[in-house]
Each structure stands twice: as structure tokens, then as C-alpha cells.
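**Student:** Below is a structure I'd like to ask you about.
The values are calculated or read from the model by the stated rules, or taken from the named source; none is laboratory data. All of these numbers come straight from a predicted model, not from anything done at the bench. Here the Cβ positions follow ideal geometry from the backbone for every residue, glycine too, while neighbour counts run over all protein chains shown. In case anyone asks, the SASA skips ligands and DNA or RNA and just uses the protein heavy atoms, side chains included. Shrake-Rupley method; radii C 1.70, N 1.55, O 1.52, S 1.80 Å.
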Amino acid sequence: MPLITNAVKGMQDILPGESEKWRYIEQSLTDNAALFGYQEFRTPVLEHTELFSRSVGGDTDVVQKEMYTFDDKGGRSVTLRPEGTAGVVRAFLEHGLQNQPLPLKTCYLTSCYRYERPQAGRLREFHQFGVELFGPASYTADAEVIALADFLLRKLGMENLTLEINSIGCPHCRPVFHQTLRDYFEGQIEGLCNTCADRLTRNPMRVLDCKCPSCQTIAKKAPSTLDSLCEPCRDHFNGVKDCMTAAGIAFTVNPFIVRGLDYYTRTVFEFISADLGAQATVCGGGRYDGLTEELGGQPLPALGFAMGLERILMIMEKQGVAFPPQKRCDVYIATLGEGAMREAARLCGELRTEGFSAESELMGRSLKAQMKYANKIGARFTLVMGDNELAQGRAPFKNMSDGTEQTVDFRNSLLETVYEVCLNNAWDDLENAAEGMKHER
Ligand code: HAM
């Protein structure tokens, strides 16, 4: 019978073999962000739709075309989060965290949902690691946040990433830039897509990141935000650049980076990889000093970034970055007969308590089939036990890598034997268990 259905288009399963890589990446990101003082936030996958239309912006592609929005059973419009920032800022305000000592440093791992056309590196369900920093207005904070992104990406062993930065001004100088842009685009309005022609009066910066090829061609020659910055914004941007240079972080200024979300002010940045194909941005972020107020809170400067985990994994695999070895089965106990099966379950329990991974037969297969399975799961050792062995309390214990075998008194010295072989072999993933046992003795 054919399967009744498959995974939803643009959404992917993460299976064993891959999931270990995910766990490694997620652990590395959260552990290394903790070195900068970032603590994890977890917010719901569903938010009220107005949160995103107000923060991400009603004129953005994300809100206009890509959100998974529906009415819940109570008739409220809710949306699967298309990004992480809005929910974190809402939670920050809702829990009154602006009254805590600032700066407040948050990080998060989230799934996000955007109804985009799927392609390599672009999914409808994807995952982000992000940070949001609440409180500081100074350009030194921008430089530290960019340095954090750079640090995290390097710690994962990725190479050849380029950092592009820009400033898109503030509410004082933005109207000047909007007018300059409008004047430019109005001269070529027939080349713009309908969405852009429509949003040109309200939000001309959105044309700059429209995915439509004809808009992109016109946008390439558009005026630069940098020429419209007010003096405080220019000073801020110069401060960021000076800090980055002093920290030895290479960057280029790209006046075409405006980001696809409306909440940004002043500094914006992206890390780009040549190993990603068309979807080249692995990390993007910037400052959003007006967002807390836009969402009904007190004005508070804030900034952050998010990186796409699927894209990080793509780069690491393309660049052949090594992942830690997968945890293997240490001891597989093959059994014949119910008594042996029960004893095997008990022995597995003892081994696991000491930190070793242990499995025993659950399928009632032949010994030959069990040994084949032990090989397949990469078991380091096997203990083979039938009625005779059970009666005698002794069974053959085999090293699967070199085929050597010894007989062990499994009731009294199985743990001892496993511990000994661990000490004799420098296996990374067994060290903890062996060390733990050494301490206890
Ligand atoms: P964003 O640029 O929309 O920014 O997304 C951040 C990252 O998520 C991208 O650089 C990319 O790696 C990944 N990403 C985005 N869309 C997709 C997709 N469809 N499939 C796979 N990966 C994707 C934000 O979301 C902001 N909230 C970042 C931020 C945090 N700004 C300040 N704080």
C-alpha cells in the first residue's frame, strides 16, 4: 500500500546520523554564546499575527507573502513564527525584563516558518540560532554582537565567510533616504513588480530586497543609504567600523544591505558564504532601536542576529569540517533463550548506570543474525549468552575490532572487564565512563 502522505513540502526530517551533527552545532552555539553572557530564551512557535505585522512590517515579503497565518478555534488570527526576534522582544516586554539590570543578553534556538519557494538552503521550516541584546545604545555593542557572530561561526570551524556591513539610518534621516529612493524608483516604475510599485510610496526600501529579478536589476543602481545618514548615524557607523578594525575582524561595507525586515535602524550586517549557492547568507542581523516602543513598551535600544542552522550544516559539510565521533554501542549482549534475555537486560542496566552504552537482543533472532546486527550498529564488544553460559555464570566476551575473545564471569566481573578495556584503549566517547568509574573506586 502506498504511504498515505509525505512530509510537507519544504520541511525536512532529521534522522539519526544527521541529528548528532545538529546537536553538536546547537551545543557549540549555545555554549560559546554563554561565554559572552547570553542565556537561553524559549518562546512559543505561535504568536498573535499582529506581532509580526507590527515588528517585521506589513510591507515586507515575509508578512505579505510568506507567513503561515490562520484563525485558531477561538477565531484569533495566529501565525507560526517566521523569525525569532519578535517573539523574544514580546516576551522581554511582557515579563518586564527592562526592569532587570541591563544589558540583558538572550539567545535562542527556534524553528521558523516561511512560505517561500523551496530550494537548496531555503526551506519552509528552517531553524535559527539567534541572540538579542537589550539596553546598549553604543556602537561598541554593535561591534561586540558582530564579533560574537564571527566567533560562533569560527568555533564551528567554518572558513571563507565574508562579513558585509551597512548603516540604514534612523527615524531622523530615514525620510530623506526614502525620498531619494522614491525619486529614483519612480523614474523606472514600469520595471518594478506590482508589489513593489504598490509599496513604493509607503516603504521604498523594500524594493531594495525584492526577490523579483527586474526589481533587483533596477535596485543595483539605486542611491546608497550611506549618503543620506545624519551626523549621529554617521558617527555611530564610523565607531562600529573602527572597533571592528581594532578587533581585527575583516569586513566590507555594502550599501545595498537593507535586510528583509522592517525593524532595523542604523547598523545591519550579513555573513556570506561562497559555499551556499544562491542562498548565500548564513547569518544576518542588526540594531533595532525602535522595536520595543513599536510593540508598546518603553523605548530601549536593542540589537541582535540570527544564523540559519541548515545553512551552517551545508557549509560545514561542503568544507569537510569534522564532527565529533558518533557515540557507539559499547557492549551488545547476544542471547539465546528467555533466561539469558532477562539476565542480559539486568547486565545492560548495570553497564548503563556506569555510563556505558549497552544493548541486548529484543527481536528473538538467531545468534548469527544478532552478531550481524551487532556489527551493523558498530558494537565494540559482544557478550554471547545461552542457557549453558547462564548456568555457569561465564560467557565469551569478544572484541569486535580485532576478534580476540576472553571468557568473563559476567555476574562478578563484567564491569571490571569493560572498565579495563576502556583504560587500555583511548576512546574519546568512553573516557567519561571510564573516568567516572576510576573516581568511584
Ligand atoms: P533573516 O535574515 O531573515 O533575519 O534570517 C536569519 C538567517 O536565517 C538567514 O541568514 C538564513 O541563514 C536563515 N534563513 C532565513 N530564511 C531561511 C529559509 N527560508 N530557509 C533556510 N534558512 C533561512 C532574521 O530572521 C532576524 N530575526 C535576525 C535578527 C535577530 N536580527 C536581529 N536579531
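**Student:** Considering only the other residues whose Cβ falls under 11 Å of the Cβ of residue 178, what net charge follows from Lys and Arg at +1 and Asp and Glu at -1?
**Tutor:** Net local charge, residue 178 excluded: +3.
**Student:** If packing is taken as the average count of other Cβ atoms within 10 Å, what order do 269-275, 183-189 fall into, highest mean first?
**Tutor:** 269-275, 183-189
**Student:** Given +1 on the Cβ of Lys and Arg, -1 on the Cβ of Asp and Glu, and no further charges, what dipole in debye does the chain carry about its Cα centre, rounded to the nearest 20?
**Tutor:** I would put it at about 800 debye.
**Student:** Continuing with the same structure: With equal scatterers on the alpha carbons only and no solvent term, can you work out the Debye log10 of I(q)/I(0) for the range 331-440 at 0.22, 0.23 1/Å?
**Tutor:** Treating every Cα as an identical point scatterer, log10 I(q)/I(0) equals -1.28, -1.39.
**Student:** Specify whether the C-alpha gyration tensor of the range 19-164 places it in the rounded, prolate or oblate class, a ≥ b ≥ c being the square roots of the eigenvalues: rounded for a/c under 1.5, otherwise prolate if a/b is larger than b/c and oblate if not.
**Tutor:** The shape class here is oblate.
**Student:** For residue 179 and residue 238, what is the calculated FRET efficiency with R₀ set at 22 Å and r taken between the beta-carbons, to the nearest 0.05?
**Tutor:** Step by step, r from the Cβ atoms, then E = 0.35.
**Student:** Can I ask one more? Could you sort 123-133, 291-301 so that the peptide with the highest average Cβ count within 10 Å comes first and the rest follow in order?
**Tutor:** 123-133, 291-301
**Student:** Quick one: go through the range 281-299 and flag any residue whose amide nitrogen is under 15 Å from the point 7 Å out along the Cα-to-Cβ line of residue 254.
**Tutor:** Flagged as within label range: 281-286.
**Student:** A follow-up question, please. Less than 10 Å Cβ to Cβ from residue 59, Lys/Arg counted +1 and Asp/Glu -1: what total charge do the surrounding residues give?
**Tutor:** Once positives and negatives cancel, what remains is 0.
**Student:** Still on this structure, I have one more. Of the lysine pairs in the range 331-440, how many meet both conditions: Cα atoms under 19 Å apart, and a spacing of 8 or more in sequence or different chains?
**Tutor:** 4
**Student:** If packing is taken as the average number of other Cβ atoms within 10 Å across a peptide's residues, how do 8-20, 160-172, 404-416, 338-350 rank, most packed first?
**Tutor:** 160-172, 338-350, 404-416, 8-20
**Student:** Let me ask you something else. Please give the length that would be gained between residue 45 and residue 401 if that part of the chain were fully extended, namely 0.36 nm times their separation in residues minus their C-alpha to C-alpha distance (nm, one decimal).
**Tutor:** 123.5 nm
**Student:** If I model a spin label at residue 214 and residue 246 as a point 7 Å from the Cα along the Cα→Cβ vector, what separation in nanometres do I get?
**Tutor:** 4.9
**Student:** While we're looking at this one, here's another question. How many nm separate the modelled label positions at residue 298 and residue 26, each set 7 Å beyond the Cα in the direction of the Cβ?
**Tutor:** The two pseudo-label positions are separated by 3.5 nm.
**Student:** Continuing with the same structure: Averaging sequence separations of C-alpha pairs under 8 Å and six or more residues apart, then dividing by the length of the chain, give the relative contact order as a whole percent.
**Tutor:** 14
**Student:** Taking +1 at the Cβ of each Lys and Arg and -1 at the Cβ of each Asp and Glu, which of 337, 360, 383 sits farthest along the dipole of the range 331-440 towards its positive end, judged by Cα position relative to the Cα centre?
**Tutor:** So the residue we want is 337.
**Student:** Suppose all protein chains stay in the model; what accessible area per residue would a 1.4 Å probe give for the chain, in Å²?
**Tutor:** Counting only protein heavy atoms, the per-residue value for the chain is 49 Å².
**Student:** Dipole size in debye (nearest 20) for the range 1-146 around its Cα centre, Lys and Arg Cβ +1, Asp and Glu Cβ -1?
**Tutor:** The calculated dipole for the range 1-146 is roughly 300 debye.
**Student:** State whether the range 157-198 is rounded, prolate or oblate according to the following rule on the C-alpha gyration tensor (a ≥ b ≥ c being the square roots of its eigenvalues): a/c under 1.5 gives rounded; otherwise a/b larger than b/c gives prolate, and the remaining case gives oblate.
**Tutor:** oblate
**Student:** Tell me, in nm to one decimal, what length is gained between residue 6 and residue 189 on full extension, where the rule is 0.36 nm per residue of separation less the Cα-Cα distance?
**Tutor:** 61.6 nm
**Student:** Given axes a ≥ b ≥ c from the Cα gyration tensor, I'd like to know whether the range 157-278 is rounded (a/c under 1.5), prolate (a/b larger than b/c) or oblate.
**Tutor:** oblate
**Student:** Determine the gain in length on full extension of the stretch residue 354-residue 375; use 0.36 nm per residue of separation and subtract their C-alpha separation, reporting nm with one decimal.
**Tutor:** That works out to 5.3 nm of additional length.
**Student:** Still on this structure, I have one more. Could you list, by residue number, the cysteines of the chain that have no other cysteine's beta carbon within less than 4.7 Å of their beta carbon?
**Tutor:** 107, 112, 170, 196, 233, 243, 283, 329, 348, 422
**Student:** Now, a different point. Quick check: convex hull over the Cα atoms of the chain, volume per residue in Å³, rounded to an integer?
**Tutor:** 208
**Student:** Sticking with this structure for a sec: What's the FRET efficiency of residue 420 with residue 387 using the Cβ-Cβ distance as r and R₀ = 41 Å, to the nearest 0.05?
**Tutor:** After rounding to 0.05, the efficiency reads 0.90.
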